[in-house]
Amino acid sequence: MPEIHRLSITYKNQYRFIGVYIQEAHASDEWPIQEAPQSFRQHQSTQERLEACRIFVRDYAPFLRDVEFFVDKIDNEFESAYASWPFRFWVLNSTQILFKAMPKQAAYDLRELEQFLKEPSGIVGV
């Protein structure tokens, strides 16, 4: 989270940083992990997903001051359209995907995202 915070501060005048809270990657009733800082069952309603998002934003508030949050519909419309599970980084404009971070060994090298933010050169990584 500190790296996302640094990027959002550095590039907030050029980009709008948005988080979309999607279905739980490690829901306690589906695929639990011991290391999870919070334990949520898979959301059964939009209200449950909203509450989980509120808790996430509260817990990580120091790192999210410059990030707006939205919640995916309970039918997972955003996740289905953008294949964001369990998480993903995108740069979009109103008509196209400009950058899509691809995980390597279940992690992201945010230097690739920062390189794009510094010098957007068209459609990358799709």
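Numbers below:
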{"read-out": "Residue 20, sole failed condition from (1) among the β-branched types (Val, Ile, Thr); (2) at pLDDT below 90; (3) within 19 Å of residue 70 (Cα to Cα)", "value": "(2)"}
{"read-out": "Selected residue (criterion: nearest to residue 16 (Cα to Cα)) from residues of segment 106-126 that are surrounded by 14 or more Cβ atoms within 10 Å (Cβ to Cβ) and modelled with pLDDT of 80 or more", "value": "117"}
{"read-out": "Contacts under 8 angstrom Cβ, first residue in segment 103-116 being without any contact (Cβ under 8 Å) to a residue 60 or more places away in the chain, partner in a helix (DSSP H, G or I) and of a type in the set (Asp, Glu), 6 or more apart", "value": "none"}
{"read-out": "Residue in segment 26-33 that is farther than 24 Å from residue 112 by Cβ and modelled with pLDDT of 85 or more present", "value": "no"}
{"read-out": "Residues satisfying the stated conditions in segment 79-100, i.e. more than 18 Å from residue 112 (Cβ to Cβ), in contact (Cβ under 8 Å) with a residue 24 or more places away in the chain and surrounded by fewer than 16 Cβ atoms within 10 Å (Cβ to Cβ)", "value": "85, 86, 96"}
{"read-out": "Segment 1-21: number of residues that are of a type in the set (D, E, K, R), part of a loop (DSSP other than H, G, I, E, B) and either within 13 Å of residue 60 (Cα to Cα) or within 15 Å of the chain's Cα centre (by Cα) (or both)", "value": "1"}
{"read-out": "Given (1) modelled with pLDDT of 80 or more; (2) farther than 18 Å from residue 5 by Cβ; (3) under 14 Å from the mean Cα position of the chain (by Cα); (4) surrounded by 13 or more Cβ atoms within 10 Å (Cβ to Cβ), index of the condition residue 103 fails", "value": "(4)"}
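The values are calculated or read from the model by the stated rules, or taken from the named source; none is laboratory data. The model shown is predicted, which means the values in this text are computed figures rather than measured ones. When we count neighbours, we look across all protein chains shown, and the Cβ atoms used for this are built from the backbone with ideal geometry, even at glycine.
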